[in-house]
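**Student:** If you scroll down you'll find the structure; I have some questions about it.
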Amino acid sequence: MAIAAWGITAAVLRILEVAPNRHVAVAAEFVGTSADAPIGPDGALVAVELDRAIVTVPSLPGASWASLILQQVIAAATIGVVVACLLLLCWSVLRNQVFSRRNTALVAVAGITGTIGFAAVPFFGNMAANGAFVRLSDGDFDNVVMTVDVMPLFFLAFLAAMAATVFTVGDRLRRETEGLV
């Protein structure tokens, strides 16, 4: 429950931070972008390769602003739904009701929601970053980078499908053995 409260609170605070659309800080991913950083002796500038940075823009274009808000809503909803499903599942298991249609649905909803949220949150963050780049560079800087790590996404989808399958088979076996006793 604390995880859900933390996730929802963080999302609400971020929404309150960006809602006025003034001096908005946006996480941005970079590819092939060099910059000078004062990390040399006596603060001398040294060329570095940017990977990630926080860029602050006076305001975001409307679609980018909306995507940043939507990113936070999706993050909070994903965390809330997954935690709620898993808590309800734990409650059923504690009452000795492991395999049932309800628990199968809870596992499937948690898995699907988590997988979609895992992909959607960085997608909408990327949309906000692209709007920030457009606003800062007047469209001269082209840095469209979509950052969804595919391997964890496939792994998460596989685990969700496997868990749903296990609970489906377990529920079917439970129903079949109830008729034998």
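The values are calculated or read from the model by the stated rules, or taken from the named source; none is laboratory data. None of these values were measured; they are calculated from a predicted model. Positions of Cβ are backbone-derived with ideal geometry, glycine not excepted, and every protein chain shown enters the neighbour counts. Accessible surface is based on the protein model in full, side chains and every heavy atom, while ligands, DNA and RNA are left aside. Shrake-Rupley method; radii C 1.70, N 1.55, O 1.52, S 1.80 Å.
**Student:** Calculate what fraction, in whole %, of the accessible area of segment 1-146 sits on carbon and sulfur atoms when a 1.4 Å probe is rolled over the protein chains.
**Tutor:** Carbon with sulfur: 69 percent of the solvent-accessible area.
**Student:** Next up: Percentage of Cα-Cα pair distances in segment 123-172 greater than 17 Å, rounded to whole percent?
**Tutor:** Here the long-distance tail beyond 17 Å is 58 percent of all Cα pairs in segment 123-172.
**Student:** Now, a different point. Please state the relative contact order of segment 109-170 as a whole percent: Cα pairs under 8 Å, 6+ residues apart?
**Tutor:** Relative contact order comes out at 48 percent.
**Student:** By how many degrees, between 0 and 90 and to the nearest 10, does the Cα long axis of helix 62-94 differ from the longest principal axis of the chain?
**Tutor:** Roughly 30 degrees between the two axes.
**Student:** Now for a separate question. Once you list every other residue whose beta carbon is under 14 Å from the beta carbon of Ser67, what net charge do they have if Lys and Arg are +1 and Asp and Glu are -1?
**Tutor:** Every neighbour counted, the sum reads +2.
**Student:** Also, quick follow-up: With angles folded into 0 to 90 degrees, how steeply does helix 101-137 sit against the dominant principal axis of the chain? Use alpha carbons for both and round to 10.
**Tutor:** Orientation of helix 101-137: about 10 degrees from the principal axis.
**Student:** Treat each spin label as a single point 7 Å out from the Cα along the C-beta direction, and report the Met162 to Leu94 distance in nm.
**Tutor:** Here the answer is 2.7 nm between the modelled labels.
**Student:** Mind pulling the per residue volume of the convex hull built on the Cα atoms of segment 15-141? Å³ is fine.
**Tutor:** Spread over its residues, the Cα hull of segment 15-141 gives 163 Å³ apiece.
**Student:** Filter the chymotrypsin sites (Phe, Trp or Tyr not before Pro) in segment 82-181 to those in DSSP coil with at most 13 other Cβ atoms within 10 Å of their Cβ, and list the result.
**Tutor:** Working: sites: Trp91, Phe99, Phe118, Phe123, Phe124, Phe133, Phe141, Phe154, Phe155, Phe158, Phe167; in loops: Phe99, Phe141.
Passing sites in segment 82-181 are Phe141.
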